[in-house]
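Structure first, then comments.
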Amino acid sequence: MRSYDEILAIAASRKGSVEAVLKDIPVPLGADALAAIPDTRWLAQMARGILQAGISWKVVDTKWPGIEAAFHGFDIGFVTFQPEDWFYDLCADTRVIRSPPKLRAIL
């Protein structure tokens, strides 16, 4: 297996410089920045990933405002304590991707 430095050198030779390679690599957020992200956004991103699996991401993007509304902005306190009937109502809600296994995974 090649080392990181070897791979970086190969990429730099193709892109023209190490700087050209590194400019395309996103810088990860630090611990404080990650901790500042509200729980609602973590659940929303997890839900997006679950819903996008196996279907067109454009469909999810188009339905996303309705999905956010159906999940009450992904308020964890709200979503967590809903009765089982709420899940069945959600499965019938046209605003969401009506896949019970995916919806159950989000909940």
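The values are calculated or read from the model by the stated rules, or taken from the named source; none is laboratory data. In this text the structure is predicted, and so the values were computed from the model without any measurement. Note that we place each Cβ from the backbone using ideal geometry, even for glycine, and neighbour counts take in every protein chain shown.
State the number of residues belonging to the stretch 57-94 that are among the charged types (D, E, K, R) and within 18 Å of Met46 (Cα to Cα). Outline the logic, then answer.
We begin by selecting, within the stretch 57-94, every residue among the charged types (D, E, K, R); these are 58, 61, 63, 68, 75, 84-85, 89, 93.
Filter once more, so that each one left must be within 18 Å of Met46 (Cα to Cα): 58, 61, 63, 68, 75.
Total meeting the criteria: 5.
Got a sec? Which of Leu34, Leu43, Leu29 is modelled with pLDDT of 95 or more and either outside any helix (DSSP H, G or I) or touching a Phe, Trp or Tyr at 6+ places or on another chain (Cβ under 8 Å) (or both)? Before the answer, list the steps.
Numbers: Leu34 fails: either outside any helix (DSSP H, G or I) or touching a Phe, Trp or Tyr at 6+ places or on another chain (Cβ under 8 Å) (or both); Leu29 fails: modelled with pLDDT of 95 or more.
Step by step, each of Leu34, Leu43, Leu29 is checked, and only Leu43 is modelled with pLDDT of 95 or more and either outside any helix (DSSP H, G or I) or touching a Phe, Trp or Tyr at 6+ places or on another chain (Cβ under 8 Å) (or both).
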Next on the checklist: Among (1) assigned by TED's automatic domain parsing to the domain that holds Ala11; (2) in contact with a Cys (Cβ under 7 Å, 6 or more places away or on another chain), there is one condition Pro100 misses while meeting the rest; what is its number?
Outcome noted: (1)
Next on the checklist: Please go through the stretch 1-52 and give me each residue that is surrounded by 13 or more Cβ atoms within 10 Å (Cβ to Cβ) and touching a residue at least 12 places away in the same chain (Cβ under 8 Å), ordered by number.
Outcome noted: Leu8, Val21, Thr40, Leu43, Ala44, Met46, Ala47, Arg48, Ile50, Leu51
Checklist entry - Which of the residues spanning the stretch 63-87 are modelled with pLDDT of 95 or more and loosely packed, with under 11 Cβ neighbours inside 10 Å? => result Pro65
Item to check | Considering residues of the stretch 88-107 that are in a helix (DSSP H, G or I) and over 15 Å from the mean Cα position of the chain (by Cα) only, the residue surrounded by the most Cβ atoms within 10 Å (Cβ to Cβ) | outcome: Leu90
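Mind listing just one residue for me: the one in the stretch 17-26 that is of a type outside the set (Asp, Glu) and in a loop (DSSP other than H, G, I, E, B) and, of those, farthest from the chain's Cα centre (by Cα)?
So the first thing to find is which residues in the stretch 17-26 are of a type outside the set (Asp, Glu), and the list is 17-18, 20-23, 25-26.
Imposing the further condition that a residue be in a loop (DSSP other than H, G, I, E, B) reduces the set to 17, 23, 25-26.
Details: Ser17: 32, Lys23: 23, Ile25: 19, Pro26: 16 Å.
Among residues in the stretch 17-26 that are of a type outside the set (Asp, Glu) and in a loop (DSSP other than H, G, I, E, B), the one farthest from the chain's Cα centre (by Cα) is Ser17.
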Checklist entry - Of all residues in the stretch 50-87, which are outside any helix (DSSP H, G or I) and within 17 Å of Ala105 (Cβ to Cβ)? => result Ala53, Gly54, Ile55, Phe71, Gln82
